[in-house]
Amino acid sequence: MSNEANLPGVEHRDVQYFGYYAMLQHQQNMLQDTVRTSTYQSAILLNKPKCFEGKTVMDVGAGSGILSFFAAQAGAKKVYAVEASGMAKKMKKLVDTAGKDGKNAFMKGKIEVINAKIEEPNLPIPKVDTIVSEPIGVLLFHERMLESYIYARDHYLKPGGALFPSKGNIYLAPFTDAMLWTETMGKARFWQQQSFYGIDLTCLYKDAREEMFGMPVVGHFDPRNLITTPTVCDAFPVDFSTVTLSELKDITMPYDWEADYTGLMHGIAGWFDLVFGPPPYTTNQETLGTTVELATGPMAERTHWQQVRFLFKEPLAVNATQRIHGWMRCIVNDTRSYTIFVEVTVGDSVPLSDPSKLDPTTFGDSSTSTHPLVRRGKWELHEQTYNYSYTPGQTVDHKPEYSCLYQTEARLDDVPDQHDLSLEAMRMMDQYEDFVN
């Protein structure tokens, strides 16, 4: 773990960050994510009796105020909508007009808008029964809003209070995508030109390759490109009722997979699930509520979070049934995001390095990773590029070899293939337009 005193804060980025979320355009993008918005409403209304009806509620990073409005629909006695951006003034317009001409009468007198960062001292907010928030970014923790959510928990939630969401699960998986890798390499090869309008660019080729492959690729992708599909047992859990601010600033996620196919591993994909459940969170005691889940994986309905992929500069060959294992370490940076470090190897002949001892200045350089069975990489999670080449429903009669993935001979007669998506699922995914962050 890093020394917390040396980890960067986010204060200097707040002007740009909150300026972005003060725009109705960006709030609309999130509101129109049907999966996100409807799941939050369902989680709140289904847990009305225990967590919202007659309760005091805080909405952290309230944005447009949609979660505050849902809490009022669920019968909350009082909702404190905390929003640091200029969106607070626009939200207040909705709150102040509640009840006029019969509009939004359910929230009249129930919502107090507080235009401040939750970390500011002496806010006029008492301890609350329930905290709601949408503090989630790419790979769960991009933008570092989870830290504000946990701060609110530590300072404003009553003992035994409810958190919505209550837990996140991060999933990592090896993938193949020759087209994406070739497209990325093609961008770098532009700088190999020896006479671009009479100018030799080749001295910048290595820099371009490092830059292009150092950009996480955000977008939906074909789940049939996964070399193995992780289960809930493979997830890295983040329990919002217990995780500490220190733990959020330096996260190491080990992984250990068995390849379902022979093929080239072009990198590691990541996504997350959210869990909305009532307390208690620390015991097995039965609750009088309903647990709701939201999935953002490649086989789930589309969301604006999409998925993220980390491309290797050099693909790694794997054989079916072979072990693939390694780790991903995520350390906060000064751009409201994380620096991602990855090490992966196949088989058991090469020992992994200790992630706690990595040197951030040299990790991932070709000079530090020369073993043919090891790949290392470094990515800045905020330096994202986007890929929207996948359209669900195309090539329905898909076979693994179409993705250059090859089954063992013993599995060639298996029916159906585990990566085949049903036509019903394809049609459901087709209903969703591409979302842009």
Of all residues in the range 394-403 being modelled with pLDDT of 90 or more and surrounded by 15 or more Cβ atoms within 10 Å (Cβ to Cβ), which is nearest to the chain's Cα centre (by Cα)? S403
Within the set of pairs 6+ apart or on separate chains, which have a first residue in the range 75-90 that is more than 21 Å from F18 (Cβ to Cβ) and of a type outside the set (A, V, I, L, M, F, W, C), a second that is in a loop (DSSP other than H, G, I, E, B) and open to solvent by 40 Å² or more (accessible area, probe 1.4 Å), and C-beta atoms under 7 Å apart? G75/E53; G75/G54; K77/G54; K77/K55; K78/K110
Single residue of S68, S42, S38 found to be modelled with pLDDT of 95 or more, of a type outside the set (A, V, I, L, M, F, W, C), in a helix (DSSP H, G or I) and surrounded by 18 or more Cβ atoms within 10 Å (Cβ to Cβ): S68
Confirm whether C203 is open to solvent by 70 Å² or more (accessible area, probe 1.4 Å), closer than 30 Å to P392 by Cβ and either aliphatic (A, V, I, L, M) or outside any loop (DSSP other than H, G, I, E, B) (or both). no
Sole exception among (1) closer than 30 Å to Y338 by Cα; (2) open to solvent by 60 Å² or more (accessible area, probe 1.4 Å); (3) among the hydrophobic types (A, V, I, L, M, F, W, C) for V132, by number: (2)
Pairs where the first residue, in the range 132-144, is closer than 19 Å to I111 by Cβ and the second is part of a strand (DSSP E or B) and not hydrophobic (A, V, I, L, M, F, W, C), C-beta under 8 Å, 6+ apart: V132/D59; S133/D59
Kindly provide the set of residues from the range 49-65 that are in a helix (DSSP H, G or I) and open to solvent by 20 Å² or more (accessible area, probe 1.4 Å), ordered by number. P49, K50
For the range 224-269, what are the residues that are assigned to a helix (DSSP H, G or I) and farther than 30 Å from P280 by Cα? R224, N225
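Every residue, every condition in (1) surrounded by 12 or more Cβ atoms within 10 Å (Cβ to Cβ); (2) of a type in the set (F, W, Y); (3) part of a strand (DSSP E or B); (4) touching a helix residue (DSSP H, G or I) at 6+ places or on another chain (Cβ under 7 Å), yes or no:
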| residue | (1), (2), (3), (4) |
| --- | --- |
| I340 | yes, no, yes, no |
| T345 | yes, no, yes, no |
| S353 | yes, no, no, no |
| F363 | yes, yes, no, no |
| P392 | yes, no, no, yes |
Looking at E143 and the list (1) over 24 Å from A74 (Cα atoms); (2) of a type outside the set (F, W, Y); (3) assigned to a helix (DSSP H, G or I), which single condition is not satisfied? (3)
State whether one or more residues within the range 214-222 are acidic (D, E) and either in the same structural domain as Q306 (by the TED database) or in contact with a Leu (Cβ under 6 Å, 6 or more places away or on another chain) (or both). yes
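The values are calculated or read from the model by the stated rules, or taken from the named source; none is laboratory data. Predicted model, so just to flag it, every value in this text is computed and none were measured. Neighbour counts run over all protein chains shown; Cβ positions are idealised from the backbone, glycine included. Just the protein is used for accessible areas: all its heavy atoms, side chains included, with ligands, DNA and RNA removed. Shrake-Rupley method; radii C 1.70, N 1.55, O 1.52, S 1.80 Å.
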